[in-house]
Amino acid sequence: MNINAIPSTLPQGAPPVRHYLQFADFTADEYHYLFTRAALIKQKFKTFTKHHTLVDRTLAMIFEKASTRTRVSFEAGMYQLGGSVVHLTTGDSQLGRSEPIEDSAKVISRMTDIVMIRTFEQTKIERFAANSRVPVINGLTNEFHPCQILADLFTLLEHRGTDANGQIDPSYLRGKTVTWVGDGNNMANTWLQAAATLGFHLRVSTPSGYEVDEKVAVTPRGMGAGSYKTYSNPLEACAGADLVTTDVWTSMGYEAENEARRKAFAAWCVDSKMMAAAKPDVLFMHCLPAHRGEEVEADVIDGPQSVVWDEAENRMHVQKALMEYLLLGRQS
Ligand code: CP
Ligand code: NVA
C-alpha cells in the first residue's frame, strides 16, 4: 500500500469527495436534509449541548477578499464541532506570491480535511477543487455565494415555514415569491439557482447594464419548478413578495466602478414604500455588510420586517451542517 496515495486524514468509509462550489451542486432533497440538520445543530448550540461530530478534523480557510461573517461563522462553527481551523490569506501565504492554485490545492488538501475559499473568479475555486483531495466550499466568489443563500433560506423557513410542531417544512418554499432589488451580482446569481433547485419564484430588478448574467447563473437543468422574471421597476417587483432582499451596490473587487454605480443604482434603494407593496408578512434580508441610505433605508433594515441578525447568525448553523454533511454524509 502506497501511504502517499491515502487521501489526507479522511477515514475509511468516508463519503466520496464532493465539493460545494455553487448552489446547483446539491439537490432539493439534500437541502431538505441540511435545513433539518441545521435546526437540530442550532437547537443544541442554544442549549449548550455538545455536538462534536468533527473531532480531529481541520478546516483550512483561504481568504483572498475581506470578511467578517464568513470568517467568524466558519471558524467558530468548526471549533464547536470539535475540530480546528487554519486561516490563510493572500497576503500571508504563498498564494500571494504566485504559487499556482493547483499546487496550493494539492498541498493544503493533504494536511487538512475540508477547505473553504473566498476568492475572485469562480474558475479559481474550480481549479482548486479539481486538485483537492478533500471537499471544497465556496465562501464567496465573483459569481456565487451559496453559503449565504443556504442561511437565508433557512432563516426564511425558521420564520415562515414551520409545521404545527414547529419543525422546518421546506415544502413552504414551493411557489413563494422572492424579490431581489439591486445588483445582478454573486448573490442574485445564487438566488436564481436556488429558485430553480427549490421551486420558488424569483423576481429581479436591476438598473440597466447590471442585469444577472443568465449564462453564469442558469444551469443546463433550467429553472425547474421555479421561475425567474426581470423588472425594470423595483416597486413593481416587490408587489406581493414573501421576501424582499438586496445587497451592496458595489461588490468586493468592483470598487473602481463605485461612482458610476452610485448614480446608476440611486432608485434601487429598498424603502418602506417597496416593503408596503409586498405581502403584509413580508420579511427583509441583507447578507451584510449594509450601507444604510444606499441599497436600503435604515427604517427597513432596522425595522420589524428585517431578520438580518438571525440571517447572519444562521450562517454558522447551516455551515456546521454543511461541513458535517460533506465529511460524514447523512447523519440520523
Ligand atoms: N455576508 C457575508 O458573507 O459577510 P462577510 O463578507 O462579512 O463574510
Ligand atoms: N455581493 C457582496 C457580498 C458580500 C458578502 C460582495 O461580493 O462583495
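The values are calculated or read from the model by the stated rules, or taken from the named source; none is laboratory data. Owing to the predicted nature of the structure, the values given are computational and were not obtained by experimental measurement. Neighbour counts run over all protein chains shown; Cβ positions are idealised from the backbone, glycine included.
Out of all the residues in the range 35-50, is one or more within 16 Å of ligand 1 (Cβ to nearest atom) and either of a type in the set (A, V, I, L, M) or more than 22 Å from Cys147 (Cα to Cα) (or both)? The answer is no, given that none of the residues of the range 35-50 is within 16 Å of ligand 1 (Cβ to nearest atom) and either of a type in the set (A, V, I, L, M) or more than 22 Å from Cys147 (Cα to Cα) (or both).
Does the range 296-315 contain at least one residue that is over 30 Å from Glu30 (Cα atoms), within 16 Å of ligand 2 (Cβ to nearest atom), of a type in the set (A, V, I, L, M) and assigned to a loop (DSSP other than H, G, I, E, B)? Checked against the condition, which is being over 30 Å from Glu30 (Cα atoms), within 16 Å of ligand 2 (Cβ to nearest atom), of a type in the set (A, V, I, L, M) and assigned to a loop (DSSP other than H, G, I, E, B), the range 296-315 yields no hits at all.
Taking every residue in the range 236-260 that is farther than 19 Å from Ser208 by Cβ and without any contact (Cβ under 8 Å) to a residue 40 or more places away in the chain and pairing it with any residue that is within 14 Å of ligand 2 (Cβ to nearest atom) and not in a strand (DSSP E or B), at least 6 positions away or on another chain, yields no pair with a Cβ-Cβ distance below 7 Å. Here Ala217 clears all of (1) crowded, with 22+ Cβ neighbours inside 10 Å; (2) in contact with a Phe, Trp or Tyr (Cβ under 7 Å, 6 or more places away or on another chain); (3) farther than 16 Å from Leu156 by Cα except the condition numbered (2). For the range 187-204, the condition holds for at least one residue, the condition being that it is away from ligand 2 (no atom under 14 Å from the Cβ), of a type in the set (S, T, N, Q), closer than 17 Å to Ala24 by Cβ and part of a helix (DSSP H, G or I). If the condition is being under 30 Å from Ser272 (Cβ atoms) and among the small types (Gly, Ala, Ser), then the range 302-330 contributes Gly303, Ser306, Ala312. Taking the conditions (1) assigned to a helix (DSSP H, G or I); (2) within 16 Å of ligand 1 (Cβ to nearest atom); (3) of a type in the set (Gly, Ala, Ser) in turn, Ala276 satisfies each one other than (2).
Restricting attention to the range 39-63, which residues are part of a loop (DSSP other than H, G, I, E, B), in contact (Cβ under 8 Å) with a residue 60 or more places away in the chain and not aliphatic (A, V, I, L, M)?
Result: His51, Thr53, Arg57.
Applying the criterion of being of a type outside the set (Asp, Glu) and more than 9 Å from ligand 2 (Cβ to nearest atom) to the residues of the range 58-67, the residue that is surrounded by the most Cβ atoms within 10 Å (Cβ to Cβ) is Leu59.
Residues in the range 1-59 that are at pLDDT 95 or above and among the small types (Gly, Ala, Ser): Ala24, Ala28, Ala38, Ala39.
Can you tell me which residue is farthest from ligand 2 (Cβ to nearest atom) among those in the range 156-186 that are without any contact (Cβ under 8 Å) to a residue 60 or more places away in the chain and of a type in the set (A, V, I, L, M, F, W, C)? The residue in question is Ala164.
Within the range 222-261, being within 19 Å of Ile149 (Cβ to Cβ), within 12 Å of ligand 2 (Cβ to nearest atom) and outside any loop (DSSP other than H, G, I, E, B) holds for Thr245, Thr246.
Among residues of the range 162-177 being touching a Phe, Trp or Tyr at 6+ places or on another chain (Cβ under 6 Å) and outside any loop (DSSP other than H, G, I, E, B), the one that is farthest from Gly199 (Cα to Cα) is Ile168. Just so you know, in the range 106-145 the residues that are hydroxyl-bearing (Ser, Thr, Tyr), in a loop (DSSP other than H, G, I, E, B) and surrounded by fewer than 24 Cβ atoms within 10 Å (Cβ to Cβ) include one that is farthest from the chain's Cα centre (by Cα), and it is Thr112.
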